[in-house]
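To keep things clear, I will list the structure first and then write my remarks on it.
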Amino acid sequence: MCSPQASGDGAAERERVVLGERFDLLRPQVLEALRKQDHAQYAFQLAEDYLDFRNLALLCHTETVYPPENNPNAARIQSYIDKFKEAFTTELYQWYIEHGRLSFGGYPFCDRR
């Protein structure tokens, strides 16, 4: 038989999980709102804290799509590659593929549009 305390702990845990899932769904919107309000540094920090590599890749390329050497976030991208390795590069390359910025024909970041 469960004590009232144990049953309350289970409800609190379920609520925590539900809230976490909601935040996961809303996080891209929260990060974009921060970026648009000139608080990009907080958006980057939040994405880093949550190891949200998909949104880190997105934040590094919002607004204007630059060739890698002209991207103002090039140093940040390199630091994420060094720090997070494959976990970040997988999402980064996925972003490049989805946006036509990666080809396999010898020119790794060519614009295919």
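The values are calculated or read from the model by the stated rules, or taken from the named source; none is laboratory data. What you see is a predicted model; the values in this text were computed from it and never measured. For neighbour counting, all protein chains shown are included, and Cβ atoms are generated from backbone atoms with ideal geometry for every residue, glycine included.
Scanning region 77-86 for residues that are surrounded by 13 or more Cβ atoms within 10 Å (Cβ to Cβ) and at pLDDT 95 or above yields Tyr80, Ile81, Phe84.
So, in region 40-95, how many residues would count as being among the polar types (S, T, N, Q) and in contact with a Leu (Cβ under 6 Å, 6 or more places away or on another chain)?
Going through region 40-95, the residues among the polar types (S, T, N, Q) turn out to be 41, 45, 55, 62, 64, 70-71, 73, 78-79, 89-90, 94.
Now restrict to residues that are in contact with a Leu (Cβ under 6 Å, 6 or more places away or on another chain): 55.
Total satisfying the criteria: 1.
Of all residues in region 13-66, those satisfying the criterion of being closer than 24 Å to Thr90 by Cα, exposed (fewer than 15 other Cβ atoms within 10 Å of the Cβ) and charged (D, E, K, R) are Glu21, Asp24, Asp49, Glu63.
Taken over region 45-75, the criterion of being assigned to a helix (DSSP H, G or I) and either at pLDDT 95 or above or within 20 Å of Ala33 (Cβ to Cβ) (or both) is satisfied by Gln45, Leu46, Ala47, Glu48, Asp49, Phe53, Arg54, Asn55, Leu56, Ala57, Leu58, Leu59.
Conditions tested, residue by residue: (1) farther than 21 Å from Arg101 by Cα; (2) in contact with a Phe, Trp or Tyr (Cβ under 8 Å, 6 or more places away or on another chain); (3) among the aliphatic types (A, V, I, L, M).
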| residue | (1), (2), (3) |
| --- | --- |
| Asp24 | yes, no, no |
| Arg27 | yes, yes, no |
| Ala33 | yes, no, yes |
| Ala40 | yes, no, yes |
| Leu51 | yes, yes, yes |
